[in-house]
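The values are calculated or read from the model by the stated rules, or taken from the named source; none is laboratory data. Keep in mind the model is a prediction, meaning the values are calculated, not measured. In this analysis, Cβ positions are derived from the backbone assuming ideal geometry, glycine residues included, and neighbour counts consider all displayed protein chains.
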Amino acid sequence: MADRGYIGEQHPQLSALDRCTRCGLCEQACPTYRLEHYEPDSPRGRIFLMKEVAEGRAAVDANLAEHLYRCLGCRACETACPSSVPFGELLEDGRYQVELHGELDPKRWGWRTFRHLAFETVLPSRTLFTIAMLPAQIVQQLPPLRALRFLFPRRSLLRKALSMIPPASTAGGAVKAGTVIEAEGTRRARVGLFTGCVMDALFAGVHAATARVLARNGCDVVVPSGQWCCGALNVHAGERRHATEMARVNLAAFADPTLDAIVVNSAGCGAMLKGYASLLDGDAQAQRFAERVKDASEFLFELGLRQGLGPVYERATYQDACHLAHGQGIRQAPRALLVQIPGLKFVELPNADRCCGAAGVYNLTQPDRSAAILEEKVRDIEATGAQSVVTTNPGCAMQLQAGLAERRLQTRVCHLIEMLDRSYRSGP
Ligand code: SF4
Ligand code: SF4
């Protein structure tokens with residue numbers, strides 16, 4: 001069976017696949033099914049394909065690869081499913097089997113080369129990653145360079161990439177690895193701040209804002225040195241060897257037993273960190289680590305915000321990051337925090353928990369599908385009349401920003417924590 005790539009051979013998933021009753025209740029929640037109404041690009045269709053392989057009726061082939069990689073991994077189907085089918089895990093395992101055993105169709109060579117460079121070469125190396133981020137950081141510091149995007153065709157990757165680079169934070173600041181930001185007033189908790197890779201390189205201002213808001217709320221904020229990428233992008237691309245190594249690095253970096261929580265401000269990273277026990281096959285240290293991981297909104301909501309929020313006179317809406325709403329089941333906490341900001345007019349976004357089409361590198365690997373999904377999202381945002389759209393994940397922030405810029409809308413994208421920080425800074 002091994003040479004046929006038998007899904008379930010190493011990570012038996014047959015019982016999880018069997019949970020699907022084929023009721024179809026997930027179909028309308030699925031962005032790729034809603035686009036083309038094509039059964040193999042629905043959750044039920046993908047489960048069927050994986051089950052065929054698991055039961056030995058089909059090989060791991062290019063057809064399976066195509067439909068698994070057309071999936072956004074948004075996990076909206078998990079939320080909709082009455083049978084608790086763990087689609088995210090099944091997808092990751094399916095892609096892992098595709099990369100491990102699947103036949104290498106010539107159409108997949110480009111992806112394999114990109115996958116090797118991005119996830120097996122650059123991301124595991126701090127040096128190469130730092131070099132790779134330099135052009136984006138230069139554009140971030142020199143905003144006029146952004147206009148270069150108009151030199152490239154509308155749907156080109158370079159134009160999209162330039163549109164996605166987030167502006168430097170107006171509040172400024174950054175957190176330094178190996179430092180502790182001390183709590184203001186009476187100490188209520190001691191937390192570790194997860195800084196990751198892309199967030200650290202392009203969203204340093206969000207980390208600084210997170211540390212300020214946590215300190216303002218009575219937390220000592222420890223920024224452990226040695227921490228690195230959570231491994232989510234690798235796992236989503238069916239890559240486990242380097243993801244596992246990166247997970248071990250983070251377990252060691254956050255081994256301090258005095259930390260009450262490990263706070264993360266990126267929804268995708270948070271979902272991955274909470275899943276370390278599964279990645280590391282039930283490892284006890286990973287289990288203890290995962291139990292302490294909290295999304296920043298989840299942590300602050302449970303802790304309760306201190307007084308001192310100042311007014312932000314703005315109309316704002318909120319886009320649920322898939323890995324927060326569907327991956328971690330956190331929907332109310334971000335909204336409950338936002339509505340505490342004096343002066344802020346919060347308006348619900350229609351279909352707020354529908355994917356924006358970013359989905360890791362999906363916007364690069366499936367540009368047309370991603371663009372179609374984004375267009376719908378941007379129309380929904382425009383309809384709210386919001387001046388700001390708030391979210392909690394770097395990929396969503398960059399995708400929304402590119403979509404809004406392409407439509408020449410003035411709506412700003414900001415992180416939930418930046419909005420809270422802005423409010424505290426305008427307070428007494
Ligand atoms: S993860 Fe998202 S895109 Fe993939 S099958 Fe589920 S709902 Fe559809
Ligand atoms: S809702 Fe769940 S059980 Fe029903 S078809 Fe979708 S995955 Fe299967």
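Annotations for the structure displayed:
- Test: residue in region 56-70 that is assigned to a loop (DSSP other than H, G, I, E, B), under 24 Å from residue 35 (Cα atoms) and modelled with pLDDT of 95 or more: yes
- Scanning region 278-331 for residues that are assigned to a strand (DSSP E or B) and either in the same structural domain as residue 421 (by TED's automatic domain parsing) or aromatic (Phe, Trp, Tyr) (or both) gives 314, 315, 316, 317, 318.
- Output for region 249-303, where each listed residue is of a type in the set (Asp, Glu) and surrounded by fewer than 20 Cβ atoms within 10 Å (Cβ to Cβ): 256, 260, 281, 283, 291, 302
- Single match in 306, 331 (criterion: surrounded by fewer than 22 Cβ atoms within 10 Å (Cβ to Cβ), at pLDDT 95 or above and under 20 Å from the mean Cα position of the chain (by Cα)): 331
- Candidates 161, 215, 171 - the one that is out of contact with any Phe, Trp or Tyr (no Cβ under 6 Å at 6 or more places or on another chain), on the phi < 0 side of the Ramachandran plot and not in a helix (DSSP H, G or I): 171
- Filtered residues of region 80-114 (kept if closer than 24 Å to residue 399 by Cα and more than 16 Å from ligand 1 (Cβ to nearest atom)): 110, 111, 112, 113, 114
- Residues satisfying the stated conditions in region 123-166, i.e. among the hydroxyl-bearing types (Ser, Thr, Tyr) and in contact with a helix residue (DSSP H, G or I) (Cβ under 8 Å, 6 or more places away or on another chain): 130, 163
- Check on residue 353, within 14 Å of residue 392 (Cβ to Cβ), buried (at least 17 other Cβ atoms within 10 Å of the Cβ) and within 16 Å of ligand 1 (Cβ to nearest atom): yes
- Taken over region 87-146, the criterion of being part of a helix (DSSP H, G or I), closer than 13 Å to residue 237 by Cβ and of a type in the set (A, V, I, L, M, F, W, C) is satisfied by 91, 98, 100, 111, 114, 117, 118, 119, 122.
- Test: residue in region 72-79 that is in contact with a His (Cβ under 7 Å, 6 or more places away or on another chain), without any contact (Cβ under 8 Å) to a residue 60 or more places away in the chain and within 10 Å of ligand 1 (Cβ to nearest atom): no
- Against the conditions (1) within 14 Å of ligand 1 (Cβ to nearest atom); (2) within 19 Å of the chain's Cα centre (by Cα), residue 372 satisfies every one except (2).
- Flag if residue 206 is at pLDDT 95 or above and surrounded by fewer than 23 Cβ atoms within 10 Å (Cβ to Cβ): no
- Long-range neighbours under 8 Å by Cβ, at least six apart or interchain, first residue closer than 14 Å to residue 224 by Cα within region 247-273, second of a type in the set (D, E, K, R) and surrounded by 19 or more Cβ atoms within 10 Å (Cβ to Cβ): 261/294; 262/294; 263/294; 263/295; 264/294; 264/295
- Residue in region 344-355 that is outside any helix (DSSP H, G or I) and of a type in the set (Phe, Trp, Tyr) present: yes
- Taken as a whole, the condition of being among the basic types (Lys, Arg) and either in contact with an Asp or Glu (Cβ under 9 Å, 6 or more places away or on another chain) or more than 9 Å from ligand 1 (Cβ to nearest atom) (or both) applies to residue 22.
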